[in-house]
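Notes follow the structure.
The values are calculated or read from the model by the stated rules, or taken from the named source; none is laboratory data. Just so you know, these numbers come straight off a predicted model, no measurement behind them. Don't worry about glycine lacking a Cβ; one is built from the backbone with ideal geometry, like all the others, and counts go over all protein chains shown. For the accessible areas, the whole protein counts, side chains as well, though only heavy atoms, and no ligand, DNA or RNA atoms are used. Shrake-Rupley method; radii C 1.70, N 1.55, O 1.52, S 1.80 Å.
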Amino acid sequence: MDAIKFCPAGDCALIAEFGNRIDEDINSKVHALARWISERKIPGVIETVPTFRSLMVIYDPWRISYRRLTGILKKCSFESRDTQNTQKEIIEVPCWYSGPDMDDMEKLTGLSREEIISIHSGTDYKIYMMGFLPGFVYLGGLDKRIHAPRLSTPRTRIEPGSVGIGGSQTGVYPVASPGGWRILGYTPLKFYDPEKENPILCRAGQYIRFVPISREEYERAVTR
Amino acid sequence: MKLHIVSPGPFTTIQDGGRYGYMASGIGTSGVMDRFAFEAANWLVGNKHGEAVLECTMMGPSILFDEDCICAVTGADMGTTIGNRPVEPYKPFWVQQGQTLTMGFARSGCRGYLAVQGGFLVPEVMGSRSTNLKCALGGIEGRPLKKGDVLTVPDEHHSSIMDRRCKVPVYSQNVTVRVVLGPQAEYFTEKGISTLLNETYVVSNQSDRMGLRLDGTAVETVSGSDIVSDGITLGSIQVTSSGQPIVLMADRQTTGGYAKIGTVCSYDIPLLAQLKPGASVRFRAVTVEQAQRIYKLKKWRIFR
C-alpha cells in the first residue's frame, strides 16, 4: 500500500491521509485501513474515525508511540472492498426548500431557485462517512454548479432537519448544532432519534435522494 | 442514599472519563474537561479510576444529603461550604445526614468537580455515564442537572482514605499551552503559523464544553480554511474562514471541515478547561516526539 501520508494530530491521535478529494476509490481505501486495524487489534489503539479521505486513529502514547504506530501502519496491505456491484439502497429524504440561505445561493451560483432545487434533488448521493454529529451523513456527488463556500462565521444554532451545502458537500443536520453550512431547506425526517432502539437512521454505503415537498406537506409530516 | 439538588448551578453535568468507540457513527466522547481535577477527586474519596463526578461551570450546585457521605471537591475553587462552614478543597470530608453542601462562584479557575464515595448511580450508556447534550444521552436524561433532581449514591462507606491530600493547583488566567502542528498546517502561510505561535488570544464568552473560541490576530491561510472534512480530536485547533482559532474540547464534534493548524497536547487541555471568558492563551510548538515524552512524564504526576 503506497501513498498514505501520516500526520500527528497531537500526542494521542494521528491522521492517515489517502488524498484530499471526495472520491469513491479513496474512500474505500480509508474503510479498508479501518478494517485492517480493527482486525489486528494493535495494542494501544483506542478507536478509528473513517472520513472521506483519511482515517483518524486515536491511541494511547503510553502504550505505543507515533513513530512505532506509523511504522506498523506503513506495512499494512489490503484490498479495498469492491462496492460497485452491490444493489443501491436509496433512502428518500423529503425536503421543503425554504432555507435562509436560498437567496445567497442564487447570487453565489447565478442560478434560479428552481434550478438549484432541481439540481440538488436530481442526484442520488452516496453516504461516504458519518460524523460531526450523531447520525450526520457526509455525501458524495454534489453537482459543481451548486458548490458554495461555508459561512465565514458559523451560526451558533442550526435546527435539526436543516438541509445544507458546505463547499462541495451536502447533508442534513440531525440535531441542533452550531454550523457553517448554507441552509437550503428542511426535512421532517429524523436522522438521529435517541428514543429509537437504533437511533441512527443511515449508515455509510447507502444512498440519499432528496425529494422536494411543499410547506403543507412539510407541516403535515412534522405534526404527524 | 440520595442527594437532592436544591439548586443546580448554571451548568452542572455528570461526567466521567468519556465515551469511546462510537466516534465513527458521529457520537463524540464527552467526558470531563479537566482530567487532572477529575482523577484527583476520585482518588481523594477512594473511588475506582474513572468513576462519574459532577462538573460545574462557573458556579456550583446546592445539594441536600439524606445520609452521611464522604466527598471531595477539586478543580476551580468555588468556596464550597457545608451550612456556613467552609470546606477545604483537595481533601476528603464528611457531609452529615440533613446537611446541605453549597458550591459557589468560581474564585479561581472555571470548572469545579464534586466526587462522592461510590460514585453516582446513573445508567451507563454505551460504556459511559458522561452527559452528551448533543445526543441527549448519558448522565440524567442527557441534560444538565435541574432543581429537584435526585441522585443516587451507593450506601457503603470506607473511611480509610480520610488522610489523603493533593496539592491545590493555582489556575492562571494567562496560560501557554503546547501544540503539535498539523494535521493541516500546510493550509496556513508561514506568517499565519507565526501569528498563532507569537500572538496572545483571548477566550471569547461564546466558549463552552464544545470549544474555546478565541479572539485575536487572524491566522492567515494560503487559500481559505475549507477542507474535505476529516477527523477532529481533543485539542484540535480549527481556524474558521474569519481566521479566528477554536480549540475543540470535550463536547467537540467528531469530524469537521475547517483546516486544523495544530492540536493542543492532551495534558495541557486541563489548563484550558479552567479559563474563564477574557482569559488569555498563547501557543508553543513542540514535535510529536517531544509531546509524547512529556506525556509519559506527566501521566504519573497527575495528582500525587
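Specify the residue with the greatest mean-square fluctuation among A:C95, A:C202, A:C76, computed from a Gaussian network of chain A linking alpha-carbon atoms under 10 Å apart.
For chain A, modelled as a Gaussian network with Cα springs under 10 Å, the answer is A:C76.
Let me know the shape class of the range A:5-74, please: from the alpha-carbon gyration tensor, a ≥ b ≥ c as square roots of the eigenvalues, rounded when a/c is under 1.5, otherwise prolate if a/b is greater than b/c, or oblate.
It is prolate, given that a/c is not under 1.5 and a/b is the larger ratio.
Kindly state, to the nearest 0.05, the FRET efficiency for A:T156 paired with B:S160, given R0 = 60 Å and r defined as their beta-carbon distance.
0.80
I need the per residue convex hull volume for chain A, using only the alpha carbons, in cubic angstrom as a whole number.
Residue-normalised Cα hull volume stands at 149 Å³.
If you add up the charges near B:M1, with Lys and Arg at +1 and Asp and Glu at -1, over every other residue whose beta carbon is less than 9 angstrom from its beta carbon, what do you get?
Summing Lys/Arg as +1 and Asp/Glu as -1 gives -3.
Run the 1.4 Å probe and let me know the accessible area of A:S77, rounded to the nearest 10 Å².
80
Radius of gyration and Dmax for chain B's Cα atoms, expressed in Å?
Final numbers for Rg and Dmax: 19.6, 63 Å.
Using a basic spin-label model with each label point 7 Å from the Cα along Cα→Cβ, how many nm lie between A:A176 and B:D68?
For A:A176 paired with B:D68, the spin-label model returns 4.5 nm.
Heavy-atom accessible area of A:R209 with all protein chains present, probe 1.4 Å, nearest 10 Å²?
Roughly 80 Å² of A:R209 is accessible to a 1.4 Å probe.
Taking the Cα atoms only, what angle lies between the long axis of helix B:35-44 and the longest principal axis of chain B, rounded to 10 degrees?
Here the helix axis deviates by roughly 20 degrees.
Using Cα pairs under 8 angstrom and six or more residues apart, how large is the relative contact order of the range B:2-152, in percent?
33
For A:E92 and A:N198, calculate 0.36 nm times their separation in residues minus their Cα-Cα distance, and state this gained length in nm to one decimal.
Gain in length upon complete extension: 36.3 nm.
Treating the beta-carbon of each Lys and Arg as +1 and of each Asp and Glu as -1, no other charges, what is the dipole magnitude of the protein assembly as shown about its Cα centre, to the nearest 20 debye?
1380
Note down the accessible area of B:V202, probe 1.4 Å, to the nearest 10 Å².
60
Could you tell me the calculated FRET efficiency between B:T176 and B:V150, based on Cβ-Cβ distance and R0 = 45 angstrom, to the nearest 0.05?
The pair B:T176/B:V150 has a calculated efficiency of 0.60.
With no solvent and one point on each alpha carbon, what is the Debye value of log10 I(q)/I(0) for the range B:119-189 at q = 0.19 Å⁻¹?
The Cα Debye sum returns log10 ratios of -0.96.
About the Cα centre, and with charges only on the beta carbon of Lys, Arg (+1) and Asp, Glu (-1), how big is the dipole of the range B:2-152? Nearest 20 debye, please.
Computed charge dipole of the range B:2-152: roughly 300 debye.
With a cut-off of 8 Å between alpha carbons and a minimum separation of six or more residues, what is the relative contact order of the range A:5-74 in percent?
Computed value for the range A:5-74: 35 percent relative contact order.
What is the magnitude of the charge dipole of chain A about its Cα centre, with +1 placed on the Cβ of each Lys and Arg, -1 on the Cβ of each Asp and Glu, and no other charges, expressed in debye to the nearest 20?
My answer is approximately 800 debye.
Just need log10 I(q)/I(0) for the range B:190-285 at q = 0.18 Å⁻¹, Debye formula, equal scatterers on the alpha-carbon atoms, no solvent, rounded to two decimals.
For the requested q values the scattering log ratios are -0.76.
If you project the alpha carbons of the range A:90-223 onto the principal axes, what extent comes out on each, in Å, largest first?
Taking max minus min along each principal axis of the Cα atoms, the range A:90-223 gives 44, 30, 29 Å.
Pairs A:K29/A:K88; A:K29/A:K74; A:K107/A:K144; A:K29/A:K75: which are spaced more than 18 Å apart, C-alpha to C-alpha?
In this structure, A:K29/A:K88 lie more than 18 Å apart at Cα.
Computed over the Cα atoms of the protein assembly as shown, what is the convex hull's projected area averaged over all directions, in nm²?
So the mean shadow area of the Cα hull is 24.7 nm².
Run the simple label-point estimate for B:E141 and A:D25 please: 7 Å along Cα→C-beta, distance reported in nm.
Placing both labels 7 Å along Cα→Cβ, they lie 5.3 nm apart.
For Cα pairs less than 8 Å apart in space and 6+ apart in sequence, what is the mean separation divided by the residue count of chain B, i.e. the relative contact order in percent?
Relative contact order of chain B: 21 percent.
Under the classification rounded if a/c is under 1.5, otherwise prolate if a/b is larger than b/c and oblate if not, where does the range B:2-152 fall, given a ≥ b ≥ c as square roots of the Cα gyration tensor eigenvalues?
Since a/c reaches 1.5 and a/b is larger than b/c, the shape of the range B:2-152 is classed as prolate.
Cut-off 10 angstrom, C-alpha nodes, Gaussian network model of chain A. Which of A:F132, A:F210, A:F52 fluctuates the most?
A:F132
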